[in-house]
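What follows is a single structure, written as structure tokens, with notes after it.
Quick note: the coordinates plus some simple rules give every number you see, no bench work behind them. Remember, it's a predicted structure, so these values are computed and weren't measured experimentally. In this analysis, Cβ positions are derived from the backbone assuming ideal geometry, glycine residues included, and neighbour counts consider all displayed protein chains.
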Amino acid sequence: MATNLSHYRASQPLQFERRDEPRYRVYLSRVTVKNRGTLREGELYDLSIYGCRIACSARYRDEEQVRLTLFGHAPVEAKVVWCADGYIGCRFVTPIKSQTVRALTLGIG
């Protein structure tokens, strides 16, 4: 005879998102990555005030310091958090302004 105690409760799926701020899809995608004097072009894939993901063919090491120029905005210092499958994930040393994120995600930057 089954009781209520023998029934299991459905659980919610685990959340793997560990970012403090949501990432937004970017419509203006040109980005320049500068590292040790070498400039490379990439495509900005998504963006938050704390970091971004860039499609870039170059390989970078974790914790490597880079300078990003996001579609003509002032350069931003960042650290590479990960690099895999043609993408790099960067965390900005100083968070960028929410107005900059808004301009880039709305395509008015």
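Give Y50, Y60 a once-over and let me know the one that is in contact with a Pro (Cβ under 9 Å, 6 or more places away or on another chain) and of a type in the set (S, T, Y). Break it down into steps so the answer makes sense when it comes.
On the way: Y60 fails: in contact with a Pro (Cβ under 9 Å, 6 or more places away or on another chain).
From the options Y50, Y60, the qualifying one is Y50.
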Report task. Give the number of residues within the range 38-73 that are more than 15 Å from the chain's Cα centre (by Cα), within 13 Å of V101 (Cα to Cα) and without any contact (Cβ under 8 Å) to a residue 24 or more places away in the chain. Result -> 0
Query raised in the report: If you go through the range 78-100 one residue at a time, do you hit one that is under 26 Å from R59 (Cβ atoms), in contact (Cβ under 8 Å) with a residue 12 or more places away in the chain, small (G, A, S) and surrounded by fewer than 16 Cβ atoms within 10 Å (Cβ to Cβ)?
Result: yes
